[in-house]
Amino acid sequence: MIMKKTFVQKYLLYLPFLMAALILLEWLSLKAPEYPWKRGVKEVHSALLQAGETFSPEQAKFYFQEEGTKYQFVDVRDIYAFNLGHIPGAVHIPLHRLLDDASYESLRSMEEAGLLIVLYGEDEREAAGPYLLLKQLGFENVRMLGGGYACLAALLEPEAVGDSYKCAYAGVEEIDFPQIIKEIREEAGQENLAPVEAMETQQPEVVLPKRRTKQTTLEGGC
Amino acid sequence: MNRIYLSLALLVLVAGAGLLLVPLEEKREEAEAGQLLQDLRDASRFVSTDAVARRIIEQDPALLLVDLRPEKEFNAFHLPAAINIPFENLMEEDALDILADDRREIVLVSQRDVLSEEAWLLLRRMRMKHIYIMRGGLHSWAETILRPPVPPESCPEEVRRRYQARLGAQQFFTGVNAVQEKKEINSPEVVIPQRKSRQTTLEGGC
């Protein structure tokens, strides 16, 4: 006696093929990234430790005023900042367009032409991200502008910013904190306080997460 | 009946094969360039010096301050409860173990914020999402917490409240009694405040 096949029974045969199709689809969707990394994290980190990756404002000023220069300045700020004022001859590639096809192609062609690409933002930090991205994507001739555009502009037009403006950037200045705290206490007339070290709380105990070794097979058992 | 068993067996085989294939691709432990770019545009990685000061004072257990400066500078001065991982040692096993622990929120601190930004990007590529940057670094710490600039009278209430909070933080971190300053602000008499020349690093602004 042939029973009428239920829905499931009828189409059960097709199920493995459907599953295979789904898995194939998912596997295909994990396509290779558009811009694969060309340098590992540790490699780039070591490169950062070397001097020469950051240009000082004085160096930058010298370079772009030079005739027949082999440097190409790239402005990573937004269009409004760029229009207000930028380094003469600089190309505008804002952060959000850094990996667009057009921008990427132009950066590649700059490098192939033998130019040294100098990225700059309003401050030094703004260019650090794009600089690192390009470095990891395999660019060799990329540098950052220390102090950013603010420092360079102050250098070029000191009258505009006044005497009190001090362009300081990472790697150049050193803040003497104990001295600052001493001065603050002197100003308040309270020099005779405990030294700074005694004020500080204990350092937190850093617990290194223990790597769990693989559990062996169940011991004991029934 | 046989056909059903056969198709079920085939199903299990295919599913098993699929499970083998997929994790092979998923093993990518690194973020891609496009993703990092999006993360860069998002400013949520920054925390203000005010927020860090408040969390130190409240002894927030979820906070871990990591100072990226060289050991010598760290020993000369560091924020309370901060640990030192010099930038050059960032990629060592011990350092990465500490940084990979996502049970706490790790705030990177450096002289300004360039080193912190660089470290953040490299760690983010390694899929560490619990890392933040103290905006402005210790330079900003000195300018906002150690020597909070006095806001002019015309500034909104919020700014003046923030200044009060900063005075409290200044007292906490330097031991200086800020009572004198408070008296000047709350007093109803017309007292011409003696401007200490050093305090007004941001003159005129709010």
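Using only alpha carbon pairs under 8 Å that are at least six residues apart, calculate the relative contact order of the range B:1-148 and give it in whole percent. It would help to have the intermediate numbers written out before the result.
Working: 163 pairs, mean separation 40.5, N = 148.
Dividing the mean separation by the residue count of the range B:1-148 yields 27 percent.
What is the P(r) of the range A:45-107, as percent of Cα-Cα pairs per 10 Å bin from 0?
Final binned percentages: 18, 39, 39, 4.
Within a 10 angstrom radius of the beta carbon, how do A:I181, A:I79, A:I23 rank from fewest other beta carbons to most?
By the 10 Å Cβ count, ascending: A:I79, A:I23, A:I181.
All of the numbers you see were taken from the coordinates with simple rules; none came from a lab. Being a predicted model, the structure only gives us computed values, none of them experimental. So basically every Cβ, Gly included, is an ideal-geometry build from the backbone, and we count neighbours across all protein chains shown.
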